[in-house]
There are 2 protein chains.
Amino acid sequence: MDVEVFVADKDADKAKETARKIGKSNVKWFQLDASNRSELINVLKDFDVVLGFLPPKFGFSLMEACIKAGKNFVDVSYMPENPLVLHDKAVKADVTIVPSCGLAPGISNILVGHAFAELDKTSKVHIMVGGLPETPIPPLGYVITWSPESLIDEYTCKARIIKGGKIAEVEALEGLEEVEFPEIGKLEAFYTDGLRTLLYTVKGVEEMWEKTLRYPGHAEKVGLLRDLGFFSDEEVSVEGHRIQPRKLTAKLFEKTLVKPNVRDIVVLKVDVFGLKGGKEMRYTYKLVDFYDEKNGVTAMARTTAYTASIVAALILKGEVHLKGVAPPERLGMEDRIYKRIMAELNSRGVKIAEEICSE
Amino acid sequence: MDVEVFVADKDADKAKETARKIGKSNVKWFQLDASNRSELINVLKDFDVVLGFLPPKFGFSLMEACIKAGKNFVDVSYMPENPLVLHDKAVKADVTIVPSCGLAPGISNILVGHAFAELDKTSKVHIMVGGLPETPIPPLGYVITWSPESLIDEYTCKARIIKGGKIAEVEALEGLEEVEFPEIGKLEAFYTDGLRTLLYTVKGVEEMWEKTLRYPGHAEKVGLLRDLGFFSDEEVSVEGHRIQPRKLTAKLFEKTLVKPNVRDIVVLKVDVFGLKGGKEMRYTYKLVDFYDEKNGVTAMARTTAYTASIVAALILKGEVHLKGVAPPERLGMEDRIYKRIMAELNSRGVKIAEEICSE
């Protein structure tokens, strides 16, 4: 397919550098401030499909802007808002909007959607996912390749899960368990707030949760920081200045934990349980992805950005007939689209193993 | 002995409250700002002996003021300066100055001084000491009954020990080991900078160290905070304000760890090894003290303030003939003074068990 790709950023230098890094030849760039709504809508009119890789606070407004501009949109931002509320507007604008289209939410949703469609009745969904350094790095066995503030959110925001058929809130870092992965060894898993659209689109399940994977000991350590108040947004007076402890913690994390060039791994395990033809079935998917040495691309970038770009390309090719806000699980429920995405991920080396068992 | 006791504080209300709390009848109080040097020296002239319970930064200047005013002085402040440098001035002023006269430094020094005097040659001195809540209290298994900033110092200041007969510096929190105390269970011990005057007064030893006792797991937790930068004094920019992380941490510790009324215990173990009459000997002292329910006095207050007040009373009675700066180990080296202090501590319920073994 012959496409023109443009990279835009508020910072012209960053846009240029990113264009240079991803472009084999003809990736162009321009400066754009996504917080300038009218300029944004005007600029978007020149494009066929928009990919969003913005921080959480810009996700929803960029999505609205795309709908206003009548453009298809694939997003990986971890926006606090529920994108499904824009469904009717998106249908009216005759566009396809795919929110949460990265690794998890993203690939995880596609897999859940697929199993859900295969089963006659889905009872339980368990998602475990983590982006980790190849080996545990002190002091937390973890490095940050993205925003320290988003990481702190992960440890403080209540996680929404489905329990007894209903949405329930649990504290972050709860539900701690140990899990063995043959390729990696022992990891630990705890609840995080990653289900998002799945809470509303995958209906009738008794139990559904997402847990984040880390090297053992991590939850206890960040739990200590939380219990001591280092993640709190309640202001404290320090030498006459009113300071939110979490802001200082984010700064210290930036200094001690942000290591953008560390070799990383991505681990995803999805279990979907239910009935098919009267039999109890389990659909299990496993993905372990590694740092791409040759191209200098992290496993996290591979599993996140490839997913979004594959879906954007399918939209461009007219292979996604869904209109409105269609989260990745909706794509996974369409067998033809599911197979196309899996094939494209596979061709990029992102291999997902499927195991279907009757229990 | 008929004495008049006065309590002074910068804060008149605090002085009044303390006087009321400790005074059965006739403890008086007045307001005094110890940072006002000339007023301080002038006021001190009315007294026979001065007891110092000030924060570290005022300890040395109060000591100087006492020497200038020609007054005997017993101090428990954890001053950063070496008080021995004032020895000649104190001798000239014909006063007795006892620095570091609390629990440790304090009782520990007295015991080391005693064993040192008993032995023909001292080879090793090991001190382990801790003030702890009666049971481990989350999240650190520890509560603060004094200054959070001093606690952070304990975890960041290099500790001076004697190794191979020479003063050496080791990192705080190093030298971690587990120790079993029959009355309490397992504790852990790590180097802290508590030898102070002992580094200079107990001569000829091959090895000497102090370790702090905590409930197991504590060192790992505070080590994590240190490694993440939360104890650093290097300023970080937070929303336009320059902040030392340790200042914010001290504030959070104040909120989460300061529990002045928790029932506490004090544990002290001193081992002194050496030769006597050609035999290898070990002098071991053990002190475990508990919260005084009846009078509402913590074990830490009992072991610190009783020691200082016993020594002050001995000075008043003319039983301490030493002039100049005489740290507690110098008192312990005098058999008569040692026995008097032990008897007085014992009569207040602070019991120290002695074990002398030939090895």
Completion exercise
Log entry, pairs with first residue in segment A:337-351 being in contact (Cβ under 8 Å) with a residue 40 or more places away in the chain, second being acidic (Asp, Glu), beta carbons closer than 6 Å, six or more apart or on different chains, reads A:VAL350/A:ASP289
Problem - Flag for B:GLY296 being touching an Asp or Glu at 6+ places or on another chain (Cβ under 8 Å) and more than 14 Å from chain A (Cβ to nearest Cβ) - result: no
Fill in the blank from the handout: Checked pairs for segment A:140-162, first more than 16 Å from A:GLY175 (Cβ to Cβ), second surrounded by 17 or more Cβ atoms within 10 Å (Cβ to Cβ) and of a type in the set (Ser, Thr, Tyr), C-beta under 8 Å and 6 or more apart or across chains, list as A:GLY141/A:TYR215; A:TYR142/A:TYR215; A:THR145/A:THR298; A:PRO148/A:THR249; A:SER150/A:TYR78; A:ILE152/A:THR249
Handout entry: Restricting segment A:320-339 to residues that are touching a helix residue (DSSP H, G or I) at 6+ places or on another chain (Cβ under 6 Å) and of a type in the set (D, E, K, R), the residue that is farthest from A:LEU86 (Cα to Cα)
Key = A:GLU329
Practice task
Enumerate the pairs (first residue in segment A:217-242 and more than 7 Å from every other protein chain (Cβ to nearest Cβ); second residue anywhere and exposed (fewer than 13 other Cβ atoms within 10 Å of the Cβ) and in a strand (DSSP E or B)) with beta-carbon separation below 6 Å, excluding pairs fewer than 6 apart on the same chain, so at least 6 apart or on different chains.
Solution key: A:GLU235/A:ARG242
Problem - Matching residues in segment A:325-354 - criterion: being in a helix (DSSP H, G or I) and touching a strand residue (DSSP E or B) at 6+ places or on another chain (Cβ under 6 Å) - result: A:PRO328
Handout entry: Yes/no for B:VAL266 being in contact (Cβ under 8 Å) with a residue 12 or more places away in the chain and surrounded by fewer than 19 Cβ atoms within 10 Å (Cβ to Cβ)
Key = no
Completion exercise
Residue pairs within 8 Å by beta carbon, gap of at least six or interchain, first lying in segment B:280-300 and touching a residue at least 40 places away in the same chain (Cβ under 8 Å) and farther than 14 Å from B:ALA353 by Cα, second aromatic (Phe, Trp, Tyr) and assigned to a strand (DSSP E or B), listed first then second, are B:GLU280/B:PHE273; B:MET281/B:PHE273; B:ALA299/B:PHE290
Practice task
Identify, from the list A:ILE310, A:ILE265, the residue that is under 19 Å from A:VAL74 (Cβ atoms) and among the β-branched types (Val, Ile, Thr).
Solution key: A:ILE310
Exercise for the section: For A:LYS203, state whether it is facing chain B (nearest Cβ under 9 Å) and either free of Cβ contacts under 8 Å to residues at least 40 places away in the same chain or β-branched (Val, Ile, Thr) (or both). Expected result: no
Exercise for the section: Would you please name the residue that is nearest to B:TYR215 (Cα to Cα), looking only at residues in segment B:111-127 that are among the hydrophobic types (A, V, I, L, M, F, W, C) and surrounded by 23 or more Cβ atoms within 10 Å (Cβ to Cβ)? Expected result: B:ILE127
Fill in the blank from the handout: Among strands (runs of 3 or more DSSP E) completely within segment A:115-213, the ones holding 1 or more residues that are within 16 Å of the chain's Cα centre (by Cα) are A:121-133, A:159-163, A:185-191
Exercise for the section: Output the residue which, of all residues in segment B:301-349 that are among the polar types (S, T, N, Q) and over 19 Å from B:THR197 (Cα atoms), is surrounded by the most Cβ atoms within 10 Å (Cβ to Cβ). Expected result: B:THR303
Handout entry: Top-ranked residue in segment A:54-95 [being within 20 Å of A:GLU329 (Cβ to Cβ) and among the β-branched types (Val, Ile, Thr); ranked as farthest from the chain's Cα centre (by Cα)]
Key = A:VAL91
Practice task
Those residues that are more than 9 Å from every other protein chain (Cβ to nearest Cβ) and either modelled with pLDDT of 95 or more or over 24 Å from the mean Cα position of the chain (by Cα) (or both), I need them from segment B:243-263; list them, please.
Solution key: B:ARG246
Completion exercise
Scanning segment A:269-285 for residues that are over 23 Å from A:GLY106 (Cα atoms) and among the charged types (D, E, K, R), the one surrounded by the most Cβ atoms within 10 Å (Cβ to Cβ) turns out to be A:LYS276
Exercise for the section: Identify all residues within segment B:1-53 that are over 30 Å from B:LYS294 (Cβ atoms) and among the acidic types (Asp, Glu); write none if there are none. Expected result: B:ASP33, B:GLU39, B:ASP46, B:ASP48
Practice task
Kindly indicate whether B:LEU322 is on the phi < 0 side of the Ramachandran plot and in a strand (DSSP E or B).
Solution key: no
Practice task
Considering every residue within segment B:219-226, establish whether at least one is among the basic types (Lys, Arg) and within 18 Å of A:LYS221 (Cβ to Cβ).
Solution key: yes
Handout entry: B:GLU239 of a type outside the set (Ser, Thr, Tyr) and on the phi < 0 side of the Ramachandran plot
Key = no
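The values are calculated or read from the model by the stated rules, or taken from the named source; none is laboratory data. Keep in mind it's a predicted model, so treat the numbers as computed, not measured. Please note: Cβ atoms are built from the backbone with ideal geometry, for glycine as well, and neighbour counts cover all protein chains shown.
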